[in-house]
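**Student:** The structure follows.
No value in this document is a laboratory result; all are computed from the given coordinates. Note that this is a predicted model, so its numbers are computed, not measured. Reconstructed Cβ throughout: ideal geometry from the backbone, glycine too, with neighbour counts over all protein chains shown.
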Amino acid sequence: MKILIVGNGGREHALAWKASQSALVDIIFIAPGNAGTILEPRVHNVKINYTDISALKSFAKKEKIDLTIVGPELPITMGIVDEFHELGFNIFAPTKSASQIESSKVFTKKFLSRYNIPTPKYEYFTDINIALSYLDKISLPIVIKADGLASGKGVIIAQNKKEAKNIIQNMLSGNLFGNAGKRIIIEEFLYGKEVSFIVMVDGKNILPMATSQDYKRISDNNIGLNTGGMGSHSPAIINNDVYQNIMDHIIYPTVFGMSLDGNPYTGFLYAGLIIDELGKPTVIEFNCRLGDPETQSIMMRLQSDIVDICMAGCKGILDQKQINWDPRYALSLVLATKGYPNNYINNQIIYGLPKKNFTNSKIFHSGTSLNGNQLITNGGRVLCITAINQNATVARKQVYKIAKSIYWNNIYYRTDIGYS
Ligand code: AMP
Ligand code: GLY
């Protein structure tokens, strides 16, 4: 089979790495990939930007691609799936309409309320004065969310009224996130533990991925700016009751509701949840894709054939598939460049990358490229080190030992991944 993976981050490197182990695969193309993906056997980088849907379509036609797997949300929300379906191609991701579950928070909030799926109380606004008068009636902290996609930055937690007022004004006037912020949600702040719950869906059947947790804040002790994720581990620490509660009250009704609405969901579905102290899960967001760096920890534990199950997802036969997980604990640490998630410098030479591969650890590339033969940084999140072990402490020690051997100008990483 010929596979096309769309994207260039650590998530896509992990997918390509796993797909390259599939007995079904002859060749894997990744558009555009990075300096790590080209090192994997049978994987070829293709110089096409992941948002260039027409070039991706032409490539898929020319190469007669059997299966396409899409990593990032942007091409999905732009409609890559609808366009590939028109040509009769297998592609595992949701349609543009189903991807509104990520691209419009208002869409999702209305959907969740309609199907009685637990989510924080909210109101949505397009008018500054109406939003400000609502602010006078509620207690803080509150969460202010841009309706549309804002590169993971569109959610701000306001601790006091002055801050909240500023954010509301700046979002609704378009100063902060352009059109994505011209409609906002003001949402109740929930206390609890965050869990990433990712499942595969084929329109009706569900195959859950291993549970995971990521670390969204930039600094140790979960403080500072929100990022795409600075580390992850799998499994998440949740018991069987909570797991079943998530399936029964969140995942099943979501997949059923989408189908009932005539908007069936196919692809990876990522529920961002807060679990309160009584173990009750609440949805704070959905993503229409896998998480990064959750995928790196999850792929490290996946023992089944990723290509086989994604193909089953496209064909609507996930109920015929089983998924097997390595019971060991996987931990991922993101190595970033200082300044991320705001401004940072690129093109820094990366030193100290181990030459050989180890069986219980893997370095996934995110923002890397080659300058001649020289490996350089090319993005805020640069590498992701993943290790697997029966013992969480050993996995953590291994990851941090590898991290210490790697260096570039302005390297930055959290020192507490896996501790909380
Ligand atoms: P989102 O993009 O909606 O996942 O929000 C980004 C981050 O903001 C989440 O990972 C949480 O840490 C935080 N967050 C979002 N909504 C809430 C909420 N209602 N209560 C508490 N924290 C939240
Ligand atoms: N790690 C969070 C995300 O992928 O959205």
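**Student:** Please work out the C-alpha center-to-center distance from the range 396-420 to the range 86-104 and express it in whole Å.
**Tutor:** Using only Cα atoms, the two centres lie 36 Å from each other.
**Student:** Output the relative contact order of the chain, whole-number percent, from Cα pairs under 8 angstrom with separation of 6+ residues. Spell out each step's value before the answer.
**Tutor:** On the way: 967 pairs, mean separation 69.3, N = 420.
Contact order relative to length: 17 percent.
**Student:** Assuming R0 = 30 Å, can you tell me the calculated FRET efficiency for the pair Asp319 and Glu194, based on Cβ-Cβ distance, to the nearest 0.05? Walk me through the intermediate numbers first.
**Tutor:** Working: r = 30 Å, r/R0 = 0.99.
The pair Asp319/Glu194 has a calculated efficiency of 0.50.
**Student:** Same structure again: Relative contact order (percent) for the range 105-218, with alpha-carbon contacts under 8 angstrom and 6 or more residues of separation? Can you show the working numbers first?
**Tutor:** Numbers: 169 pairs, mean separation 29.8, N = 114.
Reported relative contact order: 26 percent.
**Student:** Still on this structure, please answer the following. Out of the trypsin sites (Lys or Arg not before Pro) in the range 114-220, which ones are loop residues according to DSSP with at most 14 other C-beta atoms within 10 Å? Provide the component values of the computation, followed by the final result.
**Tutor:** Values: sites: Arg114, Lys121, Lys137, Lys145, Lys153, Lys161, Lys162, Lys165, Lys182, Arg183, Lys193, Lys204, Lys216, Arg217; in loops: Lys121, Lys137, Lys153, Lys182, Arg183, Lys204, Lys216.
Passing both the DSSP loop test and the Cβ count: Lys121, Lys137.
**Student:** List the residues, sorted by chain then number, that are 5 or more residues from Leu335 or on another chain and whose placed amide H is less than 5 Å from its amide H.
**Tutor:** For Leu335, the qualifying residues are Val382, Leu383, Cys384, Ile385.
**Student:** May I pose another question? Through the Karplus equation 6.51 cos²θ - 1.76 cosθ + 1.60, θ set to phi - 60°, convert the phi angles of the range 325-330 into ³J(HN,Hα) values in whole Hz; use x for Gly and Pro.
**Tutor:** Result, rounded to whole Hz: 10, 5, x, 6, 8, 10.
**Student:** Please give the contour-minus-distance gain from Asn129 to Asp220: 0.36 nm per residue of separation, less the Cα-Cα distance, rounded to one decimal in nm.
**Tutor:** Residue separation times 0.36 nm, minus the Cα-Cα distance, leaves 29.0 nm.
**Student:** Hey, which lysines would be in cross-link range of Lys105, C-alpha to C-alpha under 22 Å, not counting anything within fewer than 8 residues on its own chain?
**Tutor:** Straight-line reach from Lys105, under 22 Å: Lys96, Lys121, Lys145, Lys153, Lys165, Lys182, Lys193, Lys216, Lys280.
**Student:** Still on this structure: Using a basic spin-label model with each label point 7 Å from the Cα along Cα→Cβ, how many nm lie between Ser304 and Ile38?
**Tutor:** According to this spin-label approximation, the distance is 3.4 nm.
**Student:** What list of ³J(HN,Hα) values in whole Hz, one per residue of the range 411-418 in order, does the Karplus curve 6.51 cos²θ - 1.76 cosθ + 1.60 (θ = phi - 60°) give from phi, with Gly and Pro shown as x?
**Tutor:** Result, rounded to whole Hz: 5, 8, 8, 6, 9, 10, 5, x.
**Student:** Once the piece of chain linking Lys165 and Ile27 is laid out straight, how much longer is it, given 0.36 nm per residue of separation minus the C-alpha distance between them? Mind dumping the intermediate values first?
**Tutor:** Numbers: separation 138, 0.36 × 138 = 49.68 nm, distance 5.32 nm.
The span from Lys165 to Ile27 would gain 44.4 nm if fully extended.
**Student:** Relative to the compact globular guide of 2.2 N^0.38 Å, what is the alpha carbon radius of gyration of the chain, as a ratio? Walk me through the numbers on the way to the answer.
**Tutor:** Values: Rg = 20.7 Å, N = 420, 2.2 N^0.38 = 21.8 Å.
Rounded to two decimals, the normalised Rg is 0.95.
**Student:** Which of the aspartates and glutamates could a cross-linker span from Lys161 if the Cα-Cα distance has to be under 15 Å and same-chain partners fewer than 8 positions apart are dropped?
**Tutor:** The qualifying aspartates and glutamates are Asp136, Glu187, Glu188.
**Student:** So what is the calculated 222 nm ellipticity per residue for the chain, using -39500 (n - 2.57) for each DSSP H run with n of 4 or more, over all residues, to the nearest 500 deg cm²/dmol? List each step's numbers first, then the result.
**Tutor:** Working: 13 runs with 116 residues, N = 420.
Calculated from helices alone, the mean residue ellipticity at 222 nm is -8000 deg cm²/dmol.
**Student:** Right, another one. Can you give the convex hull volume per residue for the Cα atoms of the range 126-283, as a whole number of Å³? Could you put the intermediate results ahead of the total?
**Tutor:** On the way: hull volume 22.0 nm³, N = 158.
Here the figure is 139 Å³ per residue.
**Student:** Run the numbers on the range 23-66 and let me know its relative contact order in percent, using alpha-carbon pairs under 8 Å that are six or more apart. Spell out each step's value before the answer.
**Tutor:** Numbers: 40 pairs, mean separation 13.6, N = 44.
Relative contact order, the range 23-66: 31 percent.
**Student:** OK, next. Students often forget the sequence filter, so: which lysines lie under 16 Å Cα-Cα from Lys162 once same-chain residues fewer than 8 apart are removed?
**Tutor:** Lys137
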